[in-house]
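Asker: Right, I'll just put the structure down here and ask away after.
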Amino acid sequence: MELREYLRHDATALAGFVAAGEVTAAELLSLARRRADDVNPALNAIVARMDAAADARAADPTLSGPFAGVPFLIKDLAQDYRGYPTSFGSRSLSRHVATDHSTVVRRFLDAGLVIFGKTNTPEFGAKGVTEPEFWGPARNPWHTDYTPGGSSGGSGAAVAAGIVPAAGANDGGGSIRIPAACNGLVGLKPTRGLAPFGPVTGEPKFGMAVQGVVSRTVRDAAALYDAIVGATDGSVYPTPVPPTPFATVIGSPPAPLRIGYSTVSAINPRPHPEAIAAVDHAATVLTELGHHVEEVTPPQDDAALARDFLTIWFASLATDVEATRTLTGATDRDFEADTLALAELGRSAGVVAALAALDEVNKHVLALAQFHRTHDLFLTPTLATPPLRVGATTTPPLLQSASRVIAKIHAGKLLARTGILDDLIEQSLGWVPYTQLANLTGRPAISVPLHWTGDGLPLGVQFVGRLGADDTLLALAAQLEQAAPWAHRYADISV
């Protein structure tokens, strides 16, 4: 197989070629590495190679599973591979070697995937861009001056550039959907608990975070989720797996759906015209497909939701930092200044603030449930703006120095009185105000690449479904993919 042919095919097709004996796993691995060698210097999507493990696996004659022999990358955050470090994008964990595979990685391996590297992510996945100080920024293959999003930005960039047809990702506030939108990919954030964490950890971020993938095609997304969903003995509660496999569900279009759409956000009252155009285009395509589409008032108070989301996130980040100190002996210099400042905000706010925010989650769940009594899906832009330029959200050096001092003297309460939380909501979530709803409520949501800007950058749209409606979201995505094809597009970057 030639490289250009490799770039044209998705994981499902590549697996079929391996099964038919038309290409070997080792040959596919060589092509993936060749593509990585060509483009990764410009993208910094892959931050760690796992060549010895990949070579042994590709040479294994007993390799089996629905994706046997297909090259794959996993995210360098919460996707442990035994014998290799998982850095979480941080110097503090860069030498801590995993002693076991994560549950989701074990399931990737059981599906026959050949994992040969780990992808870039912001420190502790705490930003919507992938610009860790330790690894350096990842870049968007459609235009390398721009971000591939975060926190699964390295995975998104690698897939969009054709290094692999799909890659591991996870999502605690939009970290699958944001990179999907930035890179022209499919990104499903599944229902809470459907794709389990473990075995070392339970549900991170009080259940807001989920495991998953980004891919170029819907059929790859469907089959990969078929491979990884399902509770384990360590699951907190069983999340029912749909009775019909996702790969079968996408074979038929969904019945006409009632879809409410909005671009309104209290966090960003003026979304970019391209974000509005993306939703308008989606509404037109959906109407032509026979769905009932209407503009609605957003079901949630997104300003209140953002405050609750960040309060919970900061509390969790404070715990992550302290746990890392205990595990590795890391000191302040091993963490980024922004991480220390946000963790200090979480620590100083105390347990009462975090528990109060968790209590508010029920209010957001009920508001979305009320909406879903009359509408099957909620449609929004995935991003309020096109992808940002690399460095657009970087904290100035003087403020970073101040953050380190504030964290060191535990002056978080003083910092909170300055109104910094409101500033962080605007700065951190202003360009991505739509994605946290699904995480906080546990609902499934998907981003699909229906729109490209005039500058040639992708900008996806998001659908949020009822609890357990992952199959509906994938079926609709497959219908949209057929009506407005995108799978043939990949960023033709070369260096």
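Asker: Under a point spin-label approximation (7 Å from Cα along Cα-to-Cβ), what is the Glu426-Thr395 distance to one decimal in nm?
Answerer: Those two pseudo-labels are separated by 1.8 nm.
Asker: With a cap of 14 neighbouring Cβ atoms within 10 Å, and only residues DSSP puts in a loop, list the trypsin sites (Lys or Arg not before Pro) found in segment 75-125. Working shown, then result.
Answerer: Values: sites: Lys75, Arg82, Arg91, Arg95, Arg106, Arg107, Lys118; in loops: Arg82, Arg95.
Sites meeting the loop and neighbour criteria: Arg82, Arg95.
Asker: Here's a follow-up. Work out the charge dipole of the chain with +1 on the Cβ of Lys and Arg and -1 on the Cβ of Asp and Glu about the Cα centre, then indicate which of Tyr434, Pro238, Val279 is farthest towards its positive end.
Answerer: Farthest along the dipole direction, towards plus: Pro238.
Asker: Quick one: length gained pulling Leu3 to Ala20 fully straight, 0.36 nm per residue minus the C-alpha distance? Numbers along the way, then the final one.
Answerer: Values: separation 17, 0.36 × 17 = 6.12 nm, distance 1.89 nm.
Stretched fully, the Leu3-Ala20 segment lengthens by 4.2 nm.
Asker: How much length is gained on full extension from Arg82 to Ala255, taking 0.36 nm per residue of separation minus their Cα-Cα distance?
Answerer: Details: separation 173, 0.36 × 173 = 62.28 nm, distance 4.39 nm.
Answer, rounded to one decimal: 57.9 nm.
Asker: Hey, how many Å between the Cα centroid of segment 28-47 and the Cα centroid of segment 110-172?
Answerer: Computed from Cα coordinates, the inter-centre distance equals 12 Å.
Asker: Search the structure for amide H atoms under 5 Å from the amide H of Gly187, placed 1.01 Å from N in the peptide plane, and list their residues when 5 or more places away or on another chain.
Answerer: The list, which skips near neighbours in sequence, is Ser447.
Values in this text are rule-based calculations from the coordinates and carry no lab data. Keep in mind that this is a model prediction, so the values were computed, not measured. Every residue, glycine among them, receives a Cβ derived from its backbone with ideal geometry; neighbour counts consider all protein chains shown.
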